[in-house]
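Participant: Sharing a structure, written as structure tokens. Questions coming.
The values are calculated or read from the model by the stated rules, or taken from the named source; none is laboratory data. Please read all numbers here as calculations on a predicted model, not as lab measurements. Counting neighbours? That spans all protein chains shown, and the Cβs are built from the backbone with ideal geometry, glycine included. Surface accessibility is based on the protein's heavy atoms, side chains included, excluding ligands, DNA and RNA. Shrake-Rupley method; radii C 1.70, N 1.55, O 1.52, S 1.80 Å.
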Amino acid sequence: MSSRITEARAFLVDIAVETERTDAIQSFEKQETVFVEVKTSDGLTGLGYSYTIGTGGRAVLSMLRDHLVPRLIGLDADRIEAVWFALYSATRATTTGAITSLALAAVDTAMWDIGAQRAGLPLWRLAGGSRRDVPLYDTEGGWLHLPTETLVEGALASKAAGLSGVKLKIGKPTGSEDLERLRAVREAVGSGFDIMVDANQSMTAAEAIRRARLFDGLDLAWIEEPLPADDIEGHRRLVASTATPIAVGESMYSASQFREYLVRGAAGIVQVDVARVGGITPWLKVAHLAETHNVDVCPHFLMELHVSLAAAVPNGRYVEHIPQLRAITRTQMEIVDGRALAPETIGLGIDWDEDAISDRTVA
Ligand code: MG
């Protein structure tokens, strides 16, 4: 018996950031969280979501309400690929584009929620079930405005809690300022603890090559988004110039963009983001594609959802610790011995607090 989509709606929820978050090019103002709720003829309800860090949320909502949500009614809920492709095909004039990919992701995560409920499985098992626990690193203590002492305290606290690493923002006006901050943290935590750095696309290839060399000897786990995401050739040159892995992916909005990076040897780690790439359906394609290139996946942000996806695939190496859904969930992602545990709850495994969500609904 087939299951049809009978109802769907989209709405926007604003969530304040828990701490001030800054990097070399922007600050994280608030999480605009775009939800899609889908109901089926056999009585299931899926709740999916997507986000921005402060701009474009209403554009995503309009794309959903004006174009995508009305097209869902009557579609077969068990055919997730067909639903994704029907919506993708209906928005050709704005694909590939950030607003459309974010809108597709809100629908696609709702479809996977329904699929997991029907299968009676938690997402991490349905999507592959590689292993339940994934190493965790912290980003919340590494923002660019924080003084060096605070970075050191945060890194020591993460190490004491059993986490495997911390990420520090870089992109101070001079390389020596960055170096001083990183060196202080490395000296404090010692060896055998990962330090990742993130430039948030702020550099030219020439400057990134220079700073990567300056950081030699700090044993960095990776340098993240050193250059604008469009500069694939610059990334390729940087990769060829340094022994430190180069990580990219949070600013890519289609699976094919990852293929370009991987085929050209321009990325050592991929950080595909389920919202920005257009949902769980393309996320899994990117993760599997990376596996065929012998490259690990360390998804960007969204730990509450990415924990299940990183656990699903064999090359899911890390979950990024930035709690953001505490205000609208009843229970939190489980952390045991410093590792993130994928929820065993059936569905996406996010324990939504409906009252808190409706209190924060702005459109
Ligand atoms: Mg980043």
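Participant: Which value in nm describes the separation of the simple spin-label points at Ser62 and Glu81, placed 7 Å from the Cα toward the beta carbon?
Facilitator: Here the answer is 3.4 nm between the modelled labels.
Participant: Round to the nearest 0.05 the FRET efficiency obtained for Asp355 and Ala243 when R0 = 41 Å and r is the Cβ-Cβ distance. Could the numbers behind the result be given before it?
Facilitator: Numbers: r = 51 Å, r/R0 = 1.25.
Given R0 = 41 Å and the Cβ-Cβ separation, E is 0.20.
Participant: Suppose we keep just the DSSP beta bridges with both residues in the chain; what percent of those would be antiparallel, to 5? Don't jump to the answer; show the numbers that get you there.
Facilitator: Values: 29 of 50 bridges.
The antiparallel fraction comes to roughly 60 percent.
Participant: Given the rule -39500 (n - 2.57) for each run of at least 4 DSSP H residues, summed and divided by the residues of the chain, what is its mean residue ellipticity at 222 nm, to the nearest 500 deg cm²/dmol?
Facilitator: Details: 13 runs with 134 residues, N = 363.
The helix contribution divided over the chain gives -11000 deg cm²/dmol.
Participant: I've got another one for you. Please give, to one decimal in nm, the separation of the simple spin-label points placed at Leu214 and Ala161, each 7 Å out from Cα toward the Cβ.
Facilitator: 3.0
Participant: Right, here's the next one. I need to check one value: relative contact order of the chain, counting alpha carbon pairs closer than 8 Å and at least 6 residues apart, in percent. Could you put the intermediate results ahead of the total?
Facilitator: Numbers: 819 pairs, mean separation 71.9, N = 363.
Dividing the mean separation by the residue count of the chain yields 20 percent.
Participant: A follow-up question, please. For the Cα atoms of the chain, what angle does the longest principal axis make with the long axis of helix 80-90, in degrees from 0 to 90, nearest 10?
Facilitator: Once rounded, the angle reads 90 degrees.
Participant: Over region 32-80, what is the relative contact order in percent, taking alpha-carbon pairs closer than 8 angstrom and at least six residues apart? Working shown, then result.
Facilitator: Working: 35 pairs, mean separation 15.9, N = 49.
Once divided by the residue count of region 32-80, the mean separation gives 32 percent.
Participant: Let's see if you can work this out: charge +1 on each Lys and Arg Cβ, -1 on each Asp and Glu Cβ, no other charges. What is the dipole magnitude of the chain about its Cα centre, in debye to the nearest 20? Walk me through the numbers on the way to the answer.
Facilitator: On the way: 35 positive and 49 negative charges, 171 e Å.
Computed charge dipole of the chain: roughly 820 debye.
Participant: Taking H placed 1.01 Å from N in the peptide plane, check which residues at least 5 places from Glu7 or on another chain put their amide H under 5 Å from its amide H.
Facilitator: Lys39
Participant: Calculate how steeply helix 232-241 sits against the longest principal axis of the alpha-carbon atoms of the chain, using the helix alpha-carbon long axis, and give the answer as 0 to 90 degrees to the nearest 10.
Facilitator: 40
Participant: Can you work out the Karplus-derived ³J(HN,Hα) for every residue in region 252-258? Use 6.51 cos²θ - 1.76 cosθ + 1.60 with θ = phi - 60°, whole Hz, and x for glycine or proline.
Facilitator: After applying 6.51 cos²θ - 1.76 cosθ + 1.60, I find 10, 10, 8, 4, 5, 4, 5 Hz.
Participant: Could you work out Rg/(2.2 N^0.38 Å) for region 150-221, with Rg from alpha carbons only? Walk me through the numbers before you get to the answer.
Facilitator: Values: Rg = 12.1 Å, N = 72, 2.2 N^0.38 = 11.2 Å.
Relative to the 2.2 N^0.38 Å estimate, region 150-221 comes out at 1.08.
Participant: A follow-up question, please. Taking the Cα centroid of region 1-23 and of region 243-296, what is the distance between the two, rounded to the nearest whole Å?
Facilitator: 23
Participant: Taking the mean number of other Cβ atoms within 10 Å as a proxy for protection, how do you rank 310-323, 31-44, 143-156 from highest to lowest? Mind showing how you got there, number by number?
Facilitator: Details: 310-323: 22.5, 31-44: 20.8, 143-156: 17.1.
Going from most to least packed, we get 310-323, 31-44, 143-156.
Participant: Could you tell me how far the Cα centroid of region 205-237 sits from the Cα centroid of region 147-177, in Å?
Facilitator: Comparing the Cα centres of region 147-177 and region 205-237, I get a distance of 18 Å.
Participant: Residue separation times 0.36 nm, minus the C-alpha to C-alpha distance between Val336 and Ala363: what's the value?
Facilitator: Numbers: separation 27, 0.36 × 27 = 9.72 nm, distance 3.72 nm.
Value of the extension gain: 6.0 nm.
Participant: Can you spot the aspartates and glutamates whose alpha carbon is less than 14 Å from Lys30's alpha carbon? Ignore those fewer than 8 places along the same chain.
Facilitator: Candidates past the 8-residue exclusion: Asp14, Glu18, Glu20.
Participant: From the C-alpha coordinates alone, can you work out the Kirkwood hydrodynamic radius of region 221-363, in Å? Don't skip to the answer; put the middle values down first.
Facilitator: On the way: mean 1/r = 0.0623 Å⁻¹.
In region 221-363 this quantity evaluates to 16.1 Å.
Participant: Output the 0 to 90 degree angle, nearest 10, between the alpha-carbon long axis of helix 205-214 and the longest principal axis computed from the alpha carbons of the chain.
Facilitator: It works out to around 60 degrees.
Participant: Moving on to the next point. Any idea which of Leu44, Val83, Val307 is furthest toward the positive side of the dipole for the chain, if Lys and Arg beta-carbons carry +1 and Asp and Glu beta-carbons -1?
Facilitator: Final value for the positive-end residue is Val83.
Participant: Please report Rg (one decimal) and Dmax (integer) in Å for the Cα set of the chain.
Facilitator: Reported Rg and Dmax, both Å: 20.0, 65.
Participant: Leaving ligands, DNA and RNA out of it, report the carbon-plus-sulfur percent of the accessible area of region 130-288 at a 1.4 Å probe.
Facilitator: It is 51 percent, rounded to a whole number.
Participant: List, largest first, the extents of the alpha carbons of region 134-192 along their principal axes, each in whole Å.
Facilitator: Result, largest extent first: 34, 19, 17 Å.
Participant: Continuing with this model, one more query. Give me the percent relative contact order of region 161-304, please, defined on Cα pairs under 8 angstrom at least 6 residues apart. Numbers along the way, then the final one.
Facilitator: Working: 235 pairs, mean separation 24.5, N = 144.
Averaging sequence separation for qualifying contacts and normalising by length gives 17 percent for region 161-304.
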